[in-house]
1. Ordered by residue, what ³J(HN,Hα) values in Hz, to whole numbers, does the stretch A:45-55 give under the Karplus form 6.51 cos²θ - 1.76 cosθ + 1.60, where θ = phi - 60° and Gly and Pro are x?
2. Along the Cα-to-C-beta direction of A:I94, a point sits 7 Å from the Cα; which residues of the stretch A:268-302 have their amide N less than 11 Å from that point?
3. Regarding chain A, what are the three Cα extents along the principal axes, ordered largest first, in Å?
4. If we count every other residue with Cβ under 13 angstrom of C:E316's Cβ, Lys/Arg +1 and Asp/Glu -1, where does the sum land?
5. Output wanted: per-residue J couplings in Hz (rounded whole) for the stretch C:104-115, from phi through Karplus 6.51 cos²θ - 1.76 cosθ + 1.60, θ = phi - 60°, x for Gly and Pro.
6. Under a straight-distance cross-link criterion of Cα-Cα below 16 Å, which lysines are reachable from B:K210, leaving out those fewer than 8 residues away in the same chain?
7. What distance in nm separates the simple spin-label points at C:A123 and A:S29, each placed 7 Å from Cα in the Cβ direction?
8. From the cross-link list B:K290/B:K315; A:K235/B:K89; A:K123/C:K319; B:K218/B:K315; B:K72/B:K100, which pairs have alpha carbons spaced over 23 Å apart?
Amino acid sequence: MAERTLMERLFEPAQIGHMPVGTKIVVYSLLLFWTAFVLFPIYWVFITSFKSAVDVNSGPVYLPFIDFKPSLHAWKELFVFDWEDTLKAYTNSIIISLFATALSVLIGSMAAYALARIEYAPKFGSILIFVLSMIAAFVGVGVYGVDWRLACAVAVAVFFFLIKALGRFYAARLGNGDILFWMISQRILAPVVVVVPIYMMFQSVGLLDTHLAIILTYAVVNLPIVIWLMYDFFKSIPIELEESAQLDGATRLLTFFDIVLPLSKAGLAATTLLVMILAWNEYLLALFLSTSKAQTMPILVAAMNAGERGILWWNMSVVIVVMIIPVVVMAIILQRFIAKGMLLGAVKG
Amino acid sequence: MTVVLNQITKSFGAAKVLHELDLEVHEGEFLVLLGASGSGKSTALRMIAGLESVTGGSISIDGRDVTNELPKNRNVAMVFQSYALYPHKTVGENIGYPLKIARLGKSEIEDQVRDVADQVQLTDYLDRYPRQLSGGQRQRVALARAMVRRPAVFLMDEPLSNLDAKLRGHMRAELKHMQQQLGITTIYVTHDQVEAMTLAHRVALLEMGKLQQLASPKSIYDDPETLFVAQFIGSPPMNVAKGSLDGGVFALGDDRIGTGKSLSSPDAVLGLRAEDCRVVEAGAGKIRAKLYANELIGDHTLVTAETASGMFSIKAEKEFDAPMNAAIGIDFDPEKLYLFDGSSGARMR
Amino acid sequence: MSDNATSARAGISSPEASLTLRVRFSEWIDRHSRQLFITPAVVMILIFSIFPLVASLIIAFSRIRLRGGGYSVRFVGFDNFSKQIFGSEQFHFLGTFAPISALGWVFGLGVLGLVLFWLFKYATAKFTVLGFLGRVITASMAVGLAFMFAATLLSGKPFGTLGTTLFYVFVGCGIQFLIGLGLAFLCSQPIRGRNFFRVVFFIPMMITPIGVGYAFRMMADTTKGPFSPLWKWVGWGDFTWATDPWAARIFIVVADSWQWIPFIFIVLLAALENVPRDFVEAAQVDGASSREIFFDITWPQIVPVAATVMLIRVIEAFKIVDLPNIMTSGGPGIATESMSLHSLFAWRSLDLGQSSAVAYLLLFVTVVTCVSFFNLIVVGRMRANG
Ligand SMILES: Nc1ncnc2c1ncn2[C@@H]1O[C@H](COP(=O)(O)OP(=O)(O)OP(=O)(O)O)[C@@H](O)[C@H]1O
Ligand SMILES: [Mg+2]
């Protein structure tokens, strides 16, 4: 066998499937570099939460116990002096993200299941009539100041009347694919597009700054994700299982809860986790919809910036650490599911 | 209970997959729907179960019109090719599921499940999950789940096709025994003629959504009504030769074969089963041929011979041996030959 | 029908199947399950998505005044939009226009030429009215944006929030895709500690954007941040990145990438691991190099996933608001202000009409971009792959 040059020895595999030494070094250094890039900001936030003002302001110190003496003053401030505010925001965040996730996953997976298994064929004309009568109602309320309850009632009445009157004249129908696309495409709406009317809507029914308002909003904002992910999961369940249950006398609802949902555990876990993270971290909508009572953690974090003394980095860091611990723990436990769940959605598109 | 299909048709969009199917299944009968892949067997079965809507015609079970009934109200049980066992339920829960849905008491369910499990020898496996069972055991679970309901009709869609050849033979015998013992009307779909011949009281042969013949296994083999049926049933398939028929004499190349019937047709097909042929010396016999291949099957040798109109298969003694391309003759009893019309495929008698 | 049906279930001796209230109720539910399953989602979307969308449109065409506890609404037509595009807010939305420089002309006309060539090719090859119309919309937006950049960036003037948003979307997503794919590829190699890297690389996605914003502000601090010795060493000790438009924009892209690369990484990694081993092994046996294996075998298999994941990422990237808000408040000036933030600021100053108009412009740009991406790239790819 011919002499191998150094380069060959470094970069050519000795055996198929084996990684040559040189490649190995390159791969590991890249991966380790990225690990550092990912972890360093988190590490920095973490140690900053144990720094005193002097440690922060007098230039960077890096290693606790060596560079500086860790102190719990920031933690104390948050958990002792500001205990009530912190606790309130924390419980708000927990309640809101839990309920919003539950609602979103429930409603979303029911819709996804329906679209995967039941054929819908709404008439295109009916939808057109519906949209037109609703727009008329909005214009009535918005421009001419008609009472909104009256306008809605009239619009619904007009809608049903027109359907009955015109129903015979059009035949074009939409399919499940169109409904699915309509629902998923709602994700394209940036919060700023819809948040002002939502704000006004909740204001007019006196629900501003309540858990309910934020829960409902979060649930809908995340509905497209749930539907998109769960649809493919449900599609991948063999239909014979459901048919068999049906023959055995199970109703659709029972089939759904007793057969279909238990079989989509992986998908449910991934979806739930994803939606929960999004709800937990959401900032813009909460900024609009909560003023004090229903404030969530991200708002609390952002509010740390408001003092006249500039940003109190140590306090800020404590709040961020407190916020990220639960999600990171949860995510590390469940991350396998996430990849799987998202892949299923992504593969099918 | 009887099952009657009256002029059933089924279309998927523009494609018509079942054509005016008439079928009457007697009380306690084991009826096999036999046909090639895509011939519409499963569709017909699923229509009986109520899993597929009916395009035209009507279905009645036990004298009651069920054409538009929901599956659960038809009192039929189905065994799917994939078994459709619920992966997240134990064997016991799987078998007891129909009873649970019917809201039977816990102890009652347990008794009945144990009963049925005894019959199919699954008593020791009740706490296992389907994935912990072998193919044959899964198949028996599916069977038990169907039996436990004591339905009016058993529907089975290729229940044995996922098993290996040996187990299939064993389960076939089991199935037959079970059905005879229970006396429940059974409709069984398969594309395997051996299964059809061994299991059925009567076989219904489907082709392209049309019923070709409905008869007992023996008469469908001995007395096929069409060329298609004749060629579909039997292994190796019936030998056929195209030729013309003039006053009862069939012209096959230069050979003239007396048929013992006084029929005439310019376009006719002669059929002969392999076991009704004999290899004889060249010059003797009714058809001249050239030896093409010999295969020792075990208890006999399968001889393939080239005639003026295609290949013939002949079952010869296992000692038979002759060189390739040797000239031979084929002899047979004129009683045993079948004649079909060349264009319509109908039997000529 | 339900009555005799339930009682006709011989065999199973269901106790008093006859018409108890419960049975009747569950029968009713079952018969209406079609509607039951889908109605909640439809109603929720109608109320919280479609209604606000329409209401927003009305607001975008109106001037709204807060009066006492209520509003007064006056219809003003396209005023809000024309103010953004031609009027006093032009500098904010599109940028400060200057006479187009030579470079600007070259760029603008170059894009125009390319687009016309592309349209011409489509029109002469396989022409459908709808397809052509869609392409004309895409093309006009491309040309419009090209001239916007020509008249601002390439003529020495700053561009507005539209340009900034597009910078975040295209530069940010491009970088994120390349790095995400690279990391996924490295992690799909047979190396030790894959699970460790997988978990670690995934973490940033969990962290609230607010937290990311503040963490990166600390990182970037040239006097007190962890890298300040380094900055001093290279002589940038007193450089404040927050006052330099490009440094600020790039920093936001870095933070955004830190947060979002995990998403692309995790999905592409799953896709890579889903590529059947036999394909790769067959190629290895045939003696293909790893580069050939990647481009000839692996890449075609993950293209659909890659396209989808990028579509999602682009959609989300258009919404960017938290990071610029936290890291720079849109500054210096308006250099890092995204359209979402622009709309938010307009709302803060109680100019609801302007706020909604900007939001709608954002929606328009997003939809045209995503639909173009989907129809031209994803669908095109699918056709190419048969
Ligand atoms: N849901 C459907 N939509 C459209 N066509 C269908 C559908 N189901 C079945 N078909 C068509 O109907 C025909 C009969 O199908 P069926 O499943 O009944 O065949 P089969 O006899 O059971 O075949 P196999 O032995 O392969 O199971 C086929 O041509 C099939 O393509
Ligand atoms: Mg079939």
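FYI, it's all coordinate maths here, none of it is from the lab. Note that the structure is predicted; figures quoted are calculated from it, not measured. All Cβ positions, even for glycine, are placed from backbone atoms using ideal geometry, and neighbour counts span all protein chains on display.
1. Values per residue, Gly and Pro as x: 4, 4, 6, 4, 5, 9, 8, 8, 4, 4, 4 Hz.
2. Answer for this model: none.
3. 82, 72, 39
4. 0
5. Each residue of the stretch C:104-115 in turn: x, 4, 4, 5, x, 5, x, 4, 4, x, 4, 5 Hz.
6. B:K10, B:K16, B:K41
7. That separation, rounded to one decimal, is 5.5 nm.
8. Correct reply: A:K123/C:K319.
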